[in-house]
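Chemist: One structure is given below, represented as structure tokens, and several questions about it will come after.
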Amino acid sequence: MTALSGPEARPFVAELARLRIGVFRAFPYLYDGTPEYEETYLQTYLNNENAVVILARDGQAVIGASTAVPLAGETAEVRAPFETSELDGSDVLYLGESVLRPEYRGRGLGHAFFDGREAHARRLGLGVTAFCAVQRPEAHPARPADYRPLNAFWAARGYIERPDLQTTMSWPDVGDDAETPKPMRFWLRRGEG
């Protein structure tokens, strides 16, 4: 694992874009992304000195990555739910994503990604870490029979699902021509103090 500041991760942008497209193509995201969009999206992290990008590599190949940025550096869609909550948005580190190639899962890298981002929050003096996850219906036609949501993993790490904190993000699903809005629900964890 290598933790880089946002600007230090710039040389990896093309690999990060490919990784995000590949991982998020699967259920529940079903994301049909493009390298051009991904490289633009990643600028949120690459342009922010207080962002962190954690890379997992096998040799020189990037096989996983995780991002985080103080909430103030995120998009309006991500910030909006916090503006009407009891939380002080200036005390929140937003955990952008953790993406890992399927063949490397189950080896503890997901925990390492969370450990690294939570340590980054402590270094910045931020007391809350938060992320949001897409909400798909239980009976979604693309849901694989063996799909296991990550809710139990997140809860075991101390994250609490907050149905009162939701936002909407849009992207094209695999096989669709146009973007459609998706409900996103936040999970929060308060630091040890």
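The values are calculated or read from the model by the stated rules, or taken from the named source; none is laboratory data. The structure displayed is predicted, hence computed values, not measured ones. Quick reminder, even Gly has a Cβ in these numbers, built from the backbone with ideal geometry, and neighbours come from all protein chains shown.
Chemist: What about ALA76, is it in contact (Cβ under 8 Å) with a residue 40 or more places away in the chain, within 20 Å of GLN43 (Cα to Cα) and not aromatic (Phe, Trp, Tyr)?
Modeler: No; evaluated as a whole, the condition is false for this residue.
Chemist: If we only count strands (runs of 3 or more DSSP E) wholly inside region 1-104, which ones have 2 or more residues that are farther than 23 Å from ARG122 by Cα?
Modeler: 52-58, 61-70
Chemist: Can you tell me which residues in region 120-132 are under 25 Å from LEU16 (Cα atoms) and without any contact (Cβ under 8 Å) to a residue 60 or more places away in the chain?
Modeler: Correct list: ARG123, ALA130, PHE131, CYS132.
Chemist: Taking the condition of a type in the set (Ser, Thr, Tyr) and surrounded by fewer than 17 Cβ atoms within 10 Å (Cβ to Cβ), does THR2 pass?
Modeler: Yes: the conditions hold for THR2.
Chemist: Please go through region 62-95 and pick out each residue that is among the small types (Gly, Ala, Ser) and in contact with a Leu (Cβ under 9 Å, 6 or more places away or on another chain).
Modeler: GLY64, ALA65, SER66, ALA68, SER85, GLY89, SER90
Chemist: What is the one condition in (1) among the β-branched types (Val, Ile, Thr); (2) within 16 Å of GLY6 (Cα to Cα); (3) out of contact with any strand residue (DSSP E or B) (no Cβ under 8 Å at 6 or more places or on another chain) that VAL53 does not satisfy?
Modeler: Only one criterion is unmet by VAL53, namely (3).
Chemist: Just to verify a result, which residue in region 43-55, among those that are crowded, with 17+ Cβ neighbours inside 10 Å and under 15 Å from the mean Cα position of the chain (by Cα), is farthest from LEU16 (Cα to Cα)?
Modeler: ALA51
Chemist: When you scan region 53-69, do you find a residue that is modelled with pLDDT of 95 or more and touching a His at 6+ places or on another chain (Cβ under 9 Å), even just one?
Modeler: yes
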